[in-house]
1. Within the stretch 83-115, track down each residue that is small (Gly, Ala, Ser) and surrounded by 10 or more Cβ atoms within 10 Å (Cβ to Cβ).
2. Considering Asn29, Asn49, which residue is more than 22 Å from Lys115 (Cβ to Cβ), out of contact with any strand residue (DSSP E or B) (no Cβ under 8 Å at 6 or more places or on another chain) and free of Cβ contacts under 8 Å to residues at least 12 places away in the same chain?
3. Against the condition under 16 Å from Thr24 (Cβ atoms) and surrounded by 13 or more Cβ atoms within 10 Å (Cβ to Cβ), how does Val63 come out, does it pass?
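Computed from the coordinates by the stated procedures, all read-outs in this text should not be read as laboratory data. All of these numbers come straight from a predicted model, not from anything done at the bench. All Cβ positions, even for glycine, are placed from backbone atoms using ideal geometry, and neighbour counts span all protein chains on display.
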Amino acid sequence: MGDKVYSYPVTAMWDTGSTRTVITPRLANRLGLEYVGECSADTANGIKNVAAFFGAYFRIGEVTFGPRGVDVTEFNSEGVETYVDVLVGMDIISKGVLTIEPSEDKHYNFSFELK
């Protein structure tokens, strides 16, 4: 029996203050990730225990990271109008270059390329 692959578009927020990428419990459950235990995470609100899961793949544009471990916890996305499922931390951000360009329809185009 093969592994099931779940792919969902999610709302993510670039967080240059986070060393690791973090997802919500809601997304971890939706993706069926494998629970591997707990670990300590140094957050903006102090050190806290978070659940650790394995098997996550992250695709940003044409770049895919994974399979990898990921921390899972609720986080505050105060001031953001949309529910955020992923905080993209420096473990991913530092691997590439994010380009943001305005488009003609008053939106922005994003691209991410490996360094």
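1. Result: Gly89, Ser94, Gly96, Ser111.
2. Result: Asn29 is the single residue among Asn29, Asn49 that is more than 22 Å from Lys115 (Cβ to Cβ), out of contact with any strand residue (DSSP E or B) (no Cβ under 8 Å at 6 or more places or on another chain) and free of Cβ contacts under 8 Å to residues at least 12 places away in the same chain.
3. Judged against the criteria, Val63 is not a match.
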